[in-house]
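The values are calculated or read from the model by the stated rules, or taken from the named source; none is laboratory data. Since the structure is predicted, the reported quantities are computational estimates derived from the model, not experimental observations. Cβ placement follows ideal geometry from the backbone for every residue including glycine, while neighbour counts extend to all protein chains displayed. Quick note on the areas: whole protein, heavy atoms, side chains included, nothing else; ligands and nucleic acids left out. Shrake-Rupley method; radii C 1.70, N 1.55, O 1.52, S 1.80 Å.
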Amino acid sequence: MNIKKIKLSVMACALFSVTNAQHAPQLGKASIDEVVAAMTPQEKVQLLIGTGMAGFSGETAVVGATAQLVPGAAGTTYAIPRLGIPAVVLADGPAGLRITPIREGDDQTYYATAFPVGTTLAATWNTELVEQVGKAMGNEVLEYGVDVLLAPALNIHRNPLCGRNFEYYSEDPLVSGKMAAAMTNGVQSNGVGVSLKHFAVNNQETNRMGNDSRVTPRALREIYLKGFEIAVKESNPWTIMSSYNKINGTYAPENRELLTTILRDEWGYRGMVMTDWFGGKDAPAMVHAGNDLLMPGTPQQYEAILTAVNEGLLSEADLNRNVKNVLNLILASPRYKGYAFSNRPDLQAHAEVTRQSAAEGMVLLKNNNALPFSQSVKHIAAYGVSSYDFISGGTGSGDVNEAYTVSLVEGLRNAGYLLNGELKAAYEAYIAEENEKNKPDPNNPLAAFMPKVRPGEFVPASAELAQQARESDVALITIGRTSGEFADRTLEGDFHLTKEEKQLIEAISTAFSSQGKKTVVILNIGGVIETASWKNLPDAILIAWQSGQEGGNTVADLLSGKLNPSGKLAMTFPVHYMDAASSANFPWDPAVVKLAGGGFMGKVDDGRDPVANVDYTVYEEDIYVGYRYFDTFQREVSYPFGYGLSYTTFDYVNPLINENAEELIISIDVINSGTIPGKEVVQIYVSAPHNSSLPKPAKELKAFGKTRELKAGEKQTLTMKMAKSDLASYDNERSAWVVDSGRYDIMVAASSRDVKQTLPLTLADPIICKTNKVLQLLAPITVMQP
C-alpha cells in the first residue's frame, strides 16, 4: 500500500474541489445522475468508505467512536463540499443513542435516555408501544445532531448464550420482524434513519468476524431472514447493516446473493447497505455485492477499490450504483436539510416513556399470593447486589450513556416503602469494596465496552436473617446478569446461578417462610437463565429484564400493584441448557474456544485446522429453533414461549375465522374475568396438514395482538390478520415458498403450550411462489427431523 500516493490523490482532489466548486452541479439542485457524472473516481471511492477512526484499525476494535461533528458517535460519511455533499453522522444503538455525554471545555451535558433493551420490548408484544419508544428515541437522535441510528437489531435468539441476545428481540422471526418494524417506524417518524442489523445469521459473538454460519436455505428463509423481510416491507428502513460472519462460505458484506438478489430484487429494498465496523475482507467484492458504504473506512479499502476500478476488476456501474444509494441517504438526512438541532431533547418526558414501556415487558413467572403487595407491607428487606446496583442494559455498542439509573431500592423508597437500613448499609459497603478490587484495566482499549466484573453474592449469617425476617414484611432478592459484544455468555455463574445465589434464595426463603412471610425473586437479566432447579423456593418470580434507566421505579410500580404485569416471554426457558436444540452446535465450552483462539476476532486464516463452533457453526437444528423444537419434540420446559402471568384472569370466547382470496381474519373476545384491570396478549399459532410436502413444526406463531387495559368484567374483540402466503414453508428443491392444500388448525392461545380455542381451516388448492435459488450450502449437512 502506498499511503503517500493516497494522500497525494486526496490533495489533488481537494485542489480540484477549490478550483471547480463554483461550476460544479450541487446535490439537491442538480439530479443525482448529474452529480455522479461530475464526481472524480477518487471522490466516488471516498464517498463509499467512512472517514475512519483515529487510533483504531480492523485489528484492534470494532466499536465505533469519532470526535467529528457529534463526539462519541460511531462514524461519519465523507463530505464533498464542492458538490454540496455534507457528511452525515451515524451513531449507536438499540437501547438509546450512544454519544459522549461530557465534553471538554463544555459545561452542557449530552446524556441520552437508556430505554428498555430488545428482550424487554419484545416481551410487551405491543407494537404500538414499541413505536412510541422509537419516536422518543428518534427525537434524541434528531436533537443531538445525528442522522442515522445504528439500530434496531433483530438477530434470532438461536441459543440462550449469545452475548448480544439482550439487543435482539426473540427466538421467533414474526415477533422479531414486527418489533423491528415498529421501532423503525417510530424512529424514522422524526426524519432520521435507522440501520437494521445485523444482516444476517449473526447468532454468536465468538469469532464473529471469521465464523461461517452453515445453514440450509430453508432455515435461512424461514427463520433467519424472515424477520428482516417483515421489517423491510413494513417500515422501509433507510439503511441496513451487513453482519461480520460468513454465510455458507461467503462473508455477508461480500454476498451479492444476500444483498442484491434477495434484499433488493426479491424484497424490493431501495435503501442503502453499510458494513458493520471493519466488516468484510475484500473491499471491491463488497462494492460489487451491493454493500454501498464501508464503515468506518480505511486507507487500504480506498486503495483496493480505486485499483480495482482502474484495472477493470470492478465496474463503474457498480461504483455509480452504490454512490447513488449513499447520495439518496444524504439527501434525506437532517444534516443535508440544515436542521438546527437543539442538543436539548426532552429527557424527562422520555424517562416516562421508558418507565411505562418497561412495565409492559416485565414478565411474572410465578405468584403464590405474594404479589401485588398487600396494604400491610411497609418494611422490605432487599437482598442481592443488583437490588442496589441495578443493570439498565447491556454493554458494547448497545450501551447508553445515561444520566442515572434508578436502582430497585431507590424505586421502592420512591414508592413509599421502608428499607432495612442495616442491610442496605452492609450491601453498599460490600459493593464499594468489591468494585475497588475489580476496576477495569486502563490499558485495555475495549474495557469501556466490556461487561464490568460485578461483585459476587454473600449469604448473611442465620441469626441476621432471622432478625431481618422478624423486622421486615417481605423479602426481595435480585439476581443480576449482564453481557455484551465480543464474548458469548457462559454456563457457570451466568446461565446457571452461582452456588452463593442458590444459597441466598434458599436461606432467605426458609427464614421468611418460618415467619409466615413471602420471598420474591427479581430477575434483572438480558436473556434466558436456568430456573427449573430453584423456582420452587420463592413465592414469586418477576423478570424485570434490563429495563432502562427507570428500572427500579418500574419494578416498584408492579410490586405495589400500581400496574399489572402484562409481559409474556418471547423466548423459551429450557429446563437444562443442553435441552436447546442448538446447544450441540454452539461455543459454550470455554476450553474449546480458548484452544482455538476464538475470541471475538478469532484466529482467521492462521493455517490451523478449522474448529467446530468457532471457525464454523453447523445449524443442524435447521428450522427447529426455540418453541418450534421444544413443542415439536415434546421436550419439557421450565417456562414456555409466550408465557406470562397477570394479577387477573382472562377468558377467550367466540372465536371466528373469515377468509378472502388473500388473507385470513381471526377474531376472539377477551374478557377480564378477574377483579383487577389488566391487559392480555393473544397469540395465533398454526398447525399444518399431516400430509404436508415438507416436515413441519408442531405449531408456528403467525399473528398476535394485545388488548387495551380491560376493567374487571370488560370485554374486547381482538382481530388479527395473516396472509395465506404466511402459511408457506420454503422448498429448496423447487426454489419456492409452498402452501400445501389440506386442513390447518388455527390455534388461539395464551402461550405456545396454553391453547384456548382451535379453529379448523381447509385450503383446497396449494399456493406456490417461486424464488431465486441462492445461498446454497457448499456441502450438505445433516439436519434434525421430527
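For helix 499-514, what angle does its Cα long axis make with the longest principal axis of the chain, in degrees from 0 to 90 and rounded to 10?
30 degrees
Once ligands and nucleic acids are excluded and a 1.4 Å probe is used, how much of residue 428 is accessible, expressed in Å² to the nearest 10?
Roughly 80 Å² of residue 428 is accessible to a 1.4 Å probe.
How much area per residue is accessible in the chain when the probe is 1.4 Å and only protein heavy atoms are counted (Å²)?
Accessible surface, normalised per residue, equals 37 Å².
Computed on alpha carbon atoms, what radius of gyration and Dmax characterise the chain, expressed in Å?
Expressed in Å, the Cα Rg and Dmax of the chain come to 26.5, 87.
Using DSSP to define loop residues, name the chymotrypsin sites (Phe, Trp or Tyr not before Pro) in segment 371-438 whose beta-carbon has at most 13 other beta-carbon atoms within 10 Å.
Within segment 371-438, the qualifying chymotrypsin sites (Phe, Trp or Tyr not before Pro) (loop, at most 13 other Cβ atoms within 10 Å) are 404.
Going by accessible area, probe 1.4 Å, with all protein chains left in place, what is the ranking of 266, 229, 485, largest first?
266, 229, 485
Listed here are the pairs 233/696; 337/721; 696/773; 437/499; which of them are more than 27 Å apart at the Cα?
337/721
If one computes P(r) from the Cα atoms of segment 278-317, what percent of pairs lie at distances over 12 Å?
For segment 278-317, the fraction of Cα-Cα distances above 12 Å is 53 percent.
Relative to 2.2 N^0.38 Å, what does the C-alpha radius of gyration of segment 420-546 come to as a ratio? Two decimals please.
The value comes to 1.16.
Figure the gain on full extension for residue 132 and residue 690 (residue separation times 0.36 nm, minus the Cα-Cα span) and round it to one decimal in nm.
196.7 nm
Considering the Cα trace of segment 692-786, what is its radius of gyration and what is Dmax, both in angstroms?
17.6, 59
Quick check: with the 1.4 Å probe, what order do 782, 405 take by accessible area, largest first?
782, 405
Once ligands and nucleic acids are excluded and a 1.4 Å probe is used, how much of residue 157 is accessible, expressed in Å² to the nearest 10?
Accessible area, nearest 10 Å²: 10 Å².
With +1 on each Lys and Arg Cβ and -1 on each Asp and Glu Cβ, how big is the dipole of the chain about its Cα centre, in debye rounded to the nearest 20?
Value, rounded to 20: 780 debye.
Beyond 20 Å, what share of the Cα-Cα pairs of segment 296-428 remains, rounded to the nearest whole percent?
Value for segment 296-428 (Cα pairs over 20 Å): 71 percent.
Listed highest first by mean packing, meaning other Cβ atoms within 10 Å per residue, what order do 720-729, 658-667, 208-217, 108-117 come in?
108-117, 208-217, 720-729, 658-667
Compute the distance in nm between two label points, each set 7 Å from the Cα along the Cα-to-Cβ direction, one at residue 461 and one at residue 665.
Using points 7 Å along Cα→Cβ, the separation is 7.1 nm.
Place the peptides 306-312, 235-241 in order of packing, highest mean first, counting for every residue the other Cβ atoms within 10 Å and averaging per peptide.
235-241, 306-312
Provide the three semi-axes, in whole Å and in decreasing order, of the ellipsoid equivalent to segment 218-368 as defined by the square roots of 5 times the Cα gyration tensor eigenvalues.
35, 23, 15
Note the angle between two axes, namely the Cα long axis of helix 421-437 and the longest principal axis of the Cα atoms of the chain, as a number of degrees from 0 to 90, rounded to the nearest 10.
Value to nearest ten degrees: 30.
Considering only protein heavy atoms, with the full assembly of protein chains and a 1.4 angstrom probe, order 708, 344 by accessible area, largest first.
344, 708
State the extension gain, in nm to one decimal, for the chain segment bounded by residue 656 and residue 743, taking 0.36 nm per residue of separation less the distance between their alpha-carbons.
29.7 nm
Determine ³J(HN,Hα), in whole Hz, for all residues of segment 246-253 in sequence, where each value follows from phi through the Karplus function 6.51 cos²θ - 1.76 cosθ + 1.60 and θ = phi - 60°; x replaces Gly and Pro.
Values per residue, Gly and Pro as x: 7, 10, 6, x, 10, 4, 3, x Hz.
FRET efficiency for residue 649 and residue 779, Cβ-Cβ distance as r, R0 = 56 Å, nearest 0.05?
So the FRET efficiency works out to roughly 0.60.
Report in % the part of the accessible area of the chain that belongs to carbon and sulfur, leaving out ligands and nucleic acids; probe 1.4 Å.
The value for the chain is 50 percent carbon and sulfur by accessible area.
I'd like the antiparallel share, as a percent to the nearest 5, of DSSP beta bridges with both residues in the chain.
Restricted to the chain, the bridges split so that about 60 percent are antiparallel.
What angle, in degrees between 0 and 90 and rounded to the nearest 10, separates the Cα long axis of helix 316-332 from the longest principal axis of the Cα atoms of the chain?
It is inclined by approximately 50 degrees.
Residue 431 to residue 307: FRET efficiency via 1/(1 + (r/R0)^6), r the Cβ-Cβ distance, R0 60 Å, to the nearest 0.05?
E(calc), rounded to 0.05, equals 0.60.
Any idea what the alpha-carbon Rg over 2.2 N^0.38 Å comes to for segment 105-219?
1.16
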